[in-house]
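S.K.: Pasting a structure below so you can have a look.
The values are calculated or read from the model by the stated rules, or taken from the named source; none is laboratory data. Worth saying up front: this structure is predicted, and the values here are computed from it rather than measured. Ideal geometry is used to build each Cβ from the backbone, glycine not excepted, and the neighbour counts take in all protein chains shown. What goes into the accessible areas is simple: the full protein's heavy atoms, side chains included, and nothing from ligands, DNA or RNA. Shrake-Rupley method; radii C 1.70, N 1.55, O 1.52, S 1.80 Å.
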Amino acid sequence: MDIHAWIAVATLMTAMVLFISKLIPLEATALSIPVVLAVTGTVNPAEAALRGFGNSAVIALGAIFVLSAGLQESGVATLMGRMLERFGGKKEWRLVLLIMVTTCVLSAIMSNAATVAVFLPAVLVLSRRANISPSRLMMPLGYSAILGGTLTLISTTPNLILGSELERLSNGERSLGMFEFAVLGIPISVIGIVYMALVGIRLLGKSGLDGTPKAGSFQERLQKRYNPEKKLFKLSIPSASELADSTIEKASLGKRFQIEVIQIVRKKGFRKQFIDIQPDIKMNAGDVLFVEGRYQDVQKLAKVHALPIKIATEVELEGLRGRGINMAEVLISPHSAFLDRTLIDISFRSVFGLSVLAILRKGKIIEKNIGAAPLKLGDALLVYGPVRYFRKLEENDNLVLLDRQQSEEDVRRAPLALLLLAVALLPPVLGLFPLAVSALASALLMVATGCVSLRGAQKAIDFRILFLIIGTIPLGDALFQTGVAGKMATNLFPAGMSLGPFYVLGVLFVVSALFSTTSNNAAAAVILAPVAYAAAESSGIDVGKTFLAVAYGASCAFILPFAHQCNLMIMGPGGYKTKDFVKVGVGLSLVMAMTAVVLLAL
C-alpha cells in the first residue's frame, strides 16, 4: 500500500476512536475527514472531498426527515395510535403483537425514533388499562421500531446510503429497489416479533422490572418509580422572616436548598387562597409554603430562615390534587432543542409553570442539582404543578407528555399526507425519477399544503446525521480508490480458502452490527459499502446480498441502550437497566443474524 492508503487507514482508525469515545461531537469528527483527505491529496479536493454535499442519499434523507414530520403533524401517526388504544384489549400477548406489528409497519415509512415518540403515550395508556407493567410493553415497542428498519429503502439512514453507494460503485448497473429490503425484511421482522411475543416477554419476568409496579394509580406508579426519599412538607413564614415580601425568583430556594416550592396557601379572611407558583409571585408573612424535597434539605431551609416545618398529611396532598395540582411524566423527544441544555437554560419553570421534581436517566434518579444537569435523549422528567399547564407540554415539540389522554389533534390532512408519501415512493419504484427528486418534491408539497409547518420541517431535519454522512462519504471513496477496501475484503475473506456465502455474509452482518452498536450506523454504512462491494467481487456473491447483509447488520441494535435512539427513549418509561437490554437483546440479535444470513445465503 502507498502513503495515501496508509493515510486513509489512519483517518479511519482515528475517526472510529472519536466516534466511539465521543470526545468531540460526531458531526465535527465527520466534517474533519474530507479536510484531512483533501489536504493530504488522498482524494481529489475539487471533487471527491466535497462529493458528500451533492450526494443523492443526503438529499433524499433530508427530504424524508420532512416527510416523516408531515406524517406525524398531519395525524397519520395519531390515527394509528388511536387504533392501538381502540383494539388493544387487555390480553398481554394480544397487546404485544398489536403494538409490534403496528409499530413495525409505521417505522417502515417513518423515522424509527418519531414512531416510538408517537406510540409511547398510547402504549402507557394501554398498560394502565390492562393493569400490565409498562416494562412488559416498552421493549416490544422499541425493538419493533428497529425491526421496521429492515423493510424499505427509506426506513433507515444506512439503507439509503447503501442504496446510493451501490449504484455509484457499480456505475449505475446495480441498485437497491424501494421494496427490495422487504423480501427478506418481512420474514426477519415476523420472526423477531414472534421471538419477543414467545421468549422476550418471558425474560422480562412476570411482575415487571424494578420501578415499574404492575398495579396502582398513575401517581402511585410515578412515586414508586422515582425516588421516594423526597416528601412534601409545609413551612410557615413568620412576620419577621426575611422571606416575607420576597419573590420566588429572588429567594432562589430551589437553587440554594435543592427543594421545589409547589404551592402557596394564603389566608384571606375566613377562606384560603391557593396560589400557583410563578417566579414573580411575592411571599407574604403568614403564608404556608408546600415544598417538595429531602428531609435534610428542607430542614436546612427551615433552620436558615427560622421557619416551622411539618410533613404534609395525606389529606393535604389530596386537597392539592383536588385543586388541579398533580404529577406527570415527560420524555425528551428526538431532535429536541432541549438536548444538552439545562432546565435553567431553557427557563423550564417560567415557560411551563411547572416544577421538575426528578430526572430518570438510564434507570437512575437524578434529584440533586437537577436544574444544572444537561438533558439527554431518553431522559424522563417527573413534573408537578397545575394540570392546566400540562397542555403546554403536550403542544411543545421538544417534549413527549407520557400521561396525556387521547389526542384531539386535527387529522383531516392525514389522507393528503399519505397521498404525498405515495408521490415520494412510486416514481422511483416505476423508474420515473430518482428517490432524491421525488422525495424532495413530496417534502415541498408537504410544507405547501400545510401537512407540516415550516418550523416543523426545519426542526425535523437532523443536520447532525446529514453532516455525519457528508463527512464520511469521502472516507469511503478513499478506502475504495486506494485499495484499502479490497485489502480489508481479502483479509476477511482469503481467496485461497473455499468460503461459502454463509461465512462472507455472516462476517459482513456481524462487523456492521458491531460498528453500528459502538459508533454510528450511518458511518458504518458509508465505510463498509466499499468493503461489501469488494467482498462480492472476490467471492462471487451477488453484490446486492452483501450490501443487504451490511444494511441488516446496521439495524441489529438491541443489546445496549445507547446502540439506538429507540432504546434510549423506552429506557425511562420502561424502568429498564442495561442488563435488561442484554438479557432480551442478545437472543433477538442472534435470531435476527441467523435469519438474515440464512435467507441471504439461499
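S.K.: Report, ordered by the first and then the second residue, all pairs with beta carbons closer than 9 Å, sequence separation of six or more or different chains, a first member in the stretch 241-265 that is of a type in the set (Asp, Glu), and a second member that is part of a helix (DSSP H, G or I) and at pLDDT 85 or above.
M.R.: GLU242/ALA251; GLU242/HIS305
S.K.: Assess whether PHE463 counts as being closer than 30 Å to THR14 by Cα and open to solvent by 40 Å² or more (accessible area, probe 1.4 Å).
M.R.: Here the answer is yes, as PHE463 does meet what is asked.
S.K.: Search the stretch 497-545 for residues being open to solvent by less than 10 Å² (accessible area, probe 1.4 Å) and β-branched (Val, Ile, Thr), and hand back the single one that is nearest to ILE161 (Cα to Cα).
M.R.: Within the stretch 497-545, the match that is nearest to ILE161 (Cα to Cα) is VAL526.
S.K.: Please determine whether any residue of the stretch 395-402 is at pLDDT below 85 and surrounded by fewer than 17 Cβ atoms within 10 Å (Cβ to Cβ).
M.R.: Within the stretch 395-402 (the criterion being at pLDDT below 85 and surrounded by fewer than 17 Cβ atoms within 10 Å (Cβ to Cβ)), the answer is yes, since at least one residue qualifies.
S.K.: Scanning for something closer than 21 Å to MET592 by Cβ, touching a Leu at 6+ places or on another chain (Cβ under 7 Å) and assigned to a helix (DSSP H, G or I), does the stretch 87-94 turn up at least one residue?
M.R.: no
S.K.: If we keep just the residues of the stretch 24-51 that are surrounded by fewer than 16 Cβ atoms within 10 Å (Cβ to Cβ), among the hydrophobic types (A, V, I, L, M, F, W, C) and at pLDDT 85 or above, which is farthest from the chain's Cα centre (by Cα)?
M.R.: Residue satisfying both the conditions and the ranking: VAL39.
Listed here are the residues, each with its yes/no results for (1) hydroxyl-bearing (Ser, Thr, Tyr); (2) closer than 26 Å to VAL125 by Cβ; (3) surrounded by fewer than 17 Cβ atoms within 10 Å (Cβ to Cβ); (4) in contact with an Asp or Glu (Cβ under 7 Å, 6 or more places away or on another chain).
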site	(1), (2), (3), (4)
LYS376	no, yes, yes, no
ARG388	no, yes, yes, no
ALA414	no, yes, no, no
LEU420	no, no, no, no
LEU426	no, no, yes, no
ALA439	no, no, no, no
SER442	yes, no, no, no
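S.K.: Separate question: Assess whether LYS583 counts as being farther than 30 Å from LEU31 by Cβ, touching a Leu at 6+ places or on another chain (Cβ under 7 Å) and free of Cβ contacts under 8 Å to residues at least 60 places away in the same chain.
M.R.: It is false that LYS583 is farther than 30 Å from LEU31 by Cβ, touching a Leu at 6+ places or on another chain (Cβ under 7 Å) and free of Cβ contacts under 8 Å to residues at least 60 places away in the same chain.
S.K.: Quick check on my filter: what residues within the stretch 325-351 are touching a residue at least 24 places away in the same chain (Cβ under 8 Å) and part of a helix (DSSP H, G or I)?
M.R.: The answer is ARG349, SER350, VAL351.
S.K.: Among the listed residues GLY456, GLY476, identify the single one that is small (Gly, Ala, Ser) and within 20 Å of VAL58 (Cβ to Cβ).
M.R.: Of the residues listed, the single one that is small (Gly, Ala, Ser) and within 20 Å of VAL58 (Cβ to Cβ) is GLY476.
S.K.: Quick one: CYS451 ticks every box in (1) touching a helix residue (DSSP H, G or I) at 6+ places or on another chain (Cβ under 8 Å); (2) open to solvent by less than 40 Å² (accessible area, probe 1.4 Å); (3) part of a helix (DSSP H, G or I); (4) not acidic (Asp, Glu) bar one, so which box is it?
M.R.: Result: CYS451 fails condition (3) only.
S.K.: Need pairs with beta-carbon distance below 7 Å; first residue more than 20 Å from GLU180 (Cβ to Cβ) and within the stretch 416-440, second open to solvent by 40 Å² or more (accessible area, probe 1.4 Å); sequence gap 6+ or separate chains.
M.R.: Cβ pairs passing all conditions: LEU416/THR449; LEU420/LEU445; VAL423/ALA441; VAL423/LEU445; LEU440/ILE59.
S.K.: Turning to a different aspect of this structure: Every residue in the stretch 530-555 that is outside any helix (DSSP H, G or I) and among the charged types (D, E, K, R), please.
M.R.: Matches in the stretch 530-555: ASP542 only.
S.K.: Sort out which residues of the stretch 470-482 are open to solvent by 30 Å² or more (accessible area, probe 1.4 Å) and at pLDDT 85 or above, and write them in order of number.
M.R.: THR482, the sole residue that qualifies.
S.K.: Of the numbered conditions (1) among the small types (Gly, Ala, Ser); (2) within 28 Å of ILE366 (Cα to Cα); (3) open to solvent by 50 Å² or more (accessible area, probe 1.4 Å), GLY269 satisfies every one except a single condition; which is it?
M.R.: Looking at each condition in turn, GLY269 falls short on (2).
S.K.: Still on this structure, I have one more. One residue is enough: does the stretch 588-598 have a residue meeting the conditions in contact with a strand residue (DSSP E or B) (Cβ under 7 Å, 6 or more places away or on another chain), buried (at least 24 other Cβ atoms within 10 Å of the Cβ), closer than 17 Å to ALA145 by Cβ and of a type outside the set (S, T, N, Q)?
M.R.: no
S.K.: Okay, next question. Are there any helices (runs of 4 or more DSSP H) wholly within the stretch 109-184 with 1 or more residues that are of a type in the set (S, T, N, Q), open to solvent by 10 Å² or more (accessible area, probe 1.4 Å) and in contact (Cβ under 8 Å) with a residue 40 or more places away in the chain, and if so which?
M.R.: Where helices (runs of 4 or more DSSP H) fall fully within the stretch 109-184 and carry at least 1 residues being of a type in the set (S, T, N, Q), open to solvent by 10 Å² or more (accessible area, probe 1.4 Å) and in contact (Cβ under 8 Å) with a residue 40 or more places away in the chain, they are 112-129, 157-169.
S.K.: Return yes when ILE99 is modelled with pLDDT of 75 or more, aliphatic (A, V, I, L, M) and not in a helix (DSSP H, G or I) and no when it is not.
M.R.: no
S.K.: Mind checking which residues of the stretch 556-587 are open to solvent by 10 Å² or more (accessible area, probe 1.4 Å), outside any helix (DSSP H, G or I) and among the aliphatic types (A, V, I, L, M)?
M.R.: Passing the criteria: ILE559, LEU560.
S.K.: Still on this model: Scan (1) touching a residue at least 40 places away in the same chain (Cβ under 8 Å); (2) assigned to a helix (DSSP H, G or I) for the single condition LEU375 breaks and write down its number.
M.R.: Exception for LEU375: condition (2).
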